[in-house]
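Taking it in order: structure first as structure tokens, then the write-up.
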Amino acid sequence: MISSKHLLIKSIYQQKVDRTPIWIMRQAGRYLPEYLKTKEKAGGFMGLIRNSDLACEVTLQPLRRYPLDSAILFSDILVVADMFDMDLRFEEKVGPVFDKPIRNEKDFDKLPKCLDVSKLSYVNQTIKNIKGELKDSLPLIGFIGSPWTVATYLVEGNSTKKFTNIKDMLKNNTNLLIKILDMITKGSIDYVKQQVQSGVDVIMIFDTWGSLLSKDEYYDFSLKYIKKVISSINTNTPIIYYSRNTSNFEALGNMNIDCIGISSENNLQTIYELLDRKISLQGNFDVEILKKDNSIIKSEVIKTLDSFPYESGHIFNLGTGITPDINPDKVSYLVEIVHELSSR
Ligand code: CP3
């Protein structure tokens, strides 16, 4: 356990805080006009991610508007695909696309046998730029996707809601799926180490689609690989795990995770008690409430804060990423009211 002046890190370790820290998933994003401008200048989302100066700039944009308690690296979980020489592009209104997804052994055999993490060196430079600008005024969260969640995109080739191909592979070609998961795990270990070396203060692991798996599959195809990644990270780096709409929280008790990010379907107190108050929680305000009047936002913030009636161990956040249709003024109000209502 480390001691830190930062509220975010104190809360992760359930140390005394004078209010609940807050940051917003996807805080740098399309709801901010300045983000859209910078993205245009960069020639699109991938251009933005690969330009370390502009990626640093958009990381800082939400921090200039709001008194948030953390920065998060501006990048994407799918950039690891650079190590597999898989060409990632983002289509407006569609999301990530791989034109050559991995559907069979032949596709897999074409991928590089040796992974070269220096293909992601632009991320190191972004981290160094951000750290230089922050001057330790705030912590910086780095992140990866879980091998399973990344695999869903590499196999499907796009942001499907059906997951037909990966579900078919899980059932009928488990060996290939395991090879893919091993490859992503290997790459993720190198990549996460590189982020820590470059200066990130916290690692967040996005297992967005872990909830597609049944109880047994969840351990065998997601958690097992996350465990391997976690055991490669220095224990002084706090780890936040996020999954959307999970129901298997018990399985997370012995993963060496310091904090769990939960989506809006779950109740903070229920999960905290289920895990014997041992793991701090992040979340889980419903983003849709930000479309309502301030009076409703206020009463819903009270509900969320009341659902975690303990001294420390809660990081206020949304249950999912913020969407482009949110008015930035609503975020101002949210941050202000969380500061005010959580102060002790
Ligand atoms: O939170 C942050 O501000 C950090 C940056 C960040 C992004 N993506 C930027 C982004 C992080 C941590 C992610 C994680 C991510 N990326 C996840 C896991 C979290 C989650 O949302 O469940 C996933 C599944 C992805 C893959 C991905 N990236 C998808 C499916 C999409 C399309 C959907 C969408 O929201 O547009 C993206 C695009 C993306 N990633 C954007 C941003 C700011 C929007 C890109 C744009 O400006 O066009």
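The values are calculated or read from the model by the stated rules, or taken from the named source; none is laboratory data. These figures come from a predicted structure and were not determined experimentally. All Cβ positions, even for glycine, are placed from backbone atoms using ideal geometry, and neighbour counts span all protein chains on display. Heads up: the accessible areas ignore ligands, DNA and RNA and are worked out on the full protein's heavy atoms, side chains in. Shrake-Rupley method; radii C 1.70, N 1.55, O 1.52, S 1.80 Å.
Yes/no per residue for (1) at pLDDT below 95; (2) touching an Asp or Glu at 6+ places or on another chain (Cβ under 9 Å):
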{"position": "Q194", "(1), (2)": "no, no"}
{"position": "Q197", "(1), (2)": "no, no"}
{"position": "F206", "(1), (2)": "no, no"}
{"position": "K224", "(1), (2)": "no, no"}
{"position": "I230", "(1), (2)": "no, no"}
{"position": "T235", "(1), (2)": "yes, no"}
{"position": "I240", "(1), (2)": "no, yes"}
{"position": "N245", "(1), (2)": "yes, yes"}
{"position": "N248", "(1), (2)": "yes, no"}
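On the given criteria, is N51 polar (S, T, N, Q) and under 20 Å from T152 (Cα atoms)?
Here the answer is no, as N51 does not meet what is asked.
Conditions: (1) away from the ligand (no atom under 16 Å from the Cβ); (2) within 25 Å of K119 (Cβ to Cβ). V200 meets all but one. Number of the miss?
(1)
Exactly one condition in (1) touching a Ser or Thr at 6+ places or on another chain (Cβ under 7 Å); (2) within 16 Å of the ligand (Cβ to nearest atom); (3) of a type outside the set (D, E) is not met by K128; state its number.
Going through (1) touching a Ser or Thr at 6+ places or on another chain (Cβ under 7 Å); (2) within 16 Å of the ligand (Cβ to nearest atom); (3) of a type outside the set (D, E) one by one, K128 breaks only (2).
Restricting to segment 317-334, name every residue that is away from the ligand (no atom under 15 Å from the Cβ) and under 22 Å from I262 (Cβ atoms).
Taking segment 317-334 as the starting set, the residues that turn out to be away from the ligand (no atom under 15 Å from the Cβ) are 327, 329-330, 332-334.
Within segment 317-334, K330, L334 qualify.
Of the conditions (1) in a loop (DSSP other than H, G, I, E, B); (2) away from the ligand (no atom under 11 Å from the Cβ); (3) out of contact with any Pro (no Cβ under 8 Å at 6 or more places or on another chain), D69 satisfies every one except a single condition; which number is it?
Just one mismatch for D69, condition (3).
Is one or more of the residues making up segment 35-49 within 20 Å of L134 (Cα to Cα), touching a residue at least 40 places away in the same chain (Cβ under 8 Å) and over 18 Å from the mean Cα position of the chain (by Cα)?
no
Residue-by-condition table, conditions (1) touching a strand residue (DSSP E or B) at 6+ places or on another chain (Cβ under 7 Å); (2) surrounded by 22 or more Cβ atoms within 10 Å (Cβ to Cβ); (3) not small (G, A, S):
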residue: K5; (1), (2), (3): no, no, yes
residue: Q14; (1), (2), (3): yes, no, yes
residue: I22; (1), (2), (3): yes, yes, yes
residue: P33; (1), (2), (3): no, no, yes
residue: L48; (1), (2), (3): no, yes, yes
residue: L54; (1), (2), (3): no, no, yes
residue: T59; (1), (2), (3): yes, yes, yes
residue: P62; (1), (2), (3): no, yes, yes
residue: D69; (1), (2), (3): yes, yes, yes
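Can you name every residue in segment 304-316 that is within 17 Å of I289 (Cβ to Cβ) and either among the β-branched types (V, I, T) or within 10 Å of the ligand (Cβ to nearest atom) (or both)?
Passing the criteria: only T304.
Restricting the search to segment 7-37, which residues are away from the ligand (no atom under 12 Å from the Cβ) and among the aromatic types (F, W, Y)? Break it down stepwise before answering.
Just the residues of segment 7-37 that are away from the ligand (no atom under 12 Å from the Cβ), to begin with: 7-22, 33-34.
Scanning segment 7-37 gives a single hit, Y13.
Of all residues in segment 267-286, which are closer than 17 Å to K303 by Cβ and out of contact with any helix residue (DSSP H, G or I) (no Cβ under 8 Å at 6 or more places or on another chain)?
N267, Q269, T270, Y272, Q282
In the set T152, T174, which member is under 19 Å from M25 (Cβ atoms) and modelled with pLDDT of 95 or more?
Residue meeting the stated conditions: T152.
Output the residue which, of all residues in segment 190-212 that are surrounded by fewer than 21 Cβ atoms within 10 Å (Cβ to Cβ) and not polar (S, T, N, Q), is farthest from S3 (Cα to Cα).
Once the filter is applied, the top-ranked residue is L212.
Output the helices (runs of 4 or more DSSP H) that fall wholly within segment 97-185 and possess 3 or more residues being open to solvent by 60 Å² or more (accessible area, probe 1.4 Å), or say none.
Output list reads 105-109, 121-134, 164-172.
From the residues in segment 223-258 that are more than 18 Å from the chain's Cα centre (by Cα) and closer than 24 Å to D306 by Cα, which one is surrounded by the most Cβ atoms within 10 Å (Cβ to Cβ)?
N248
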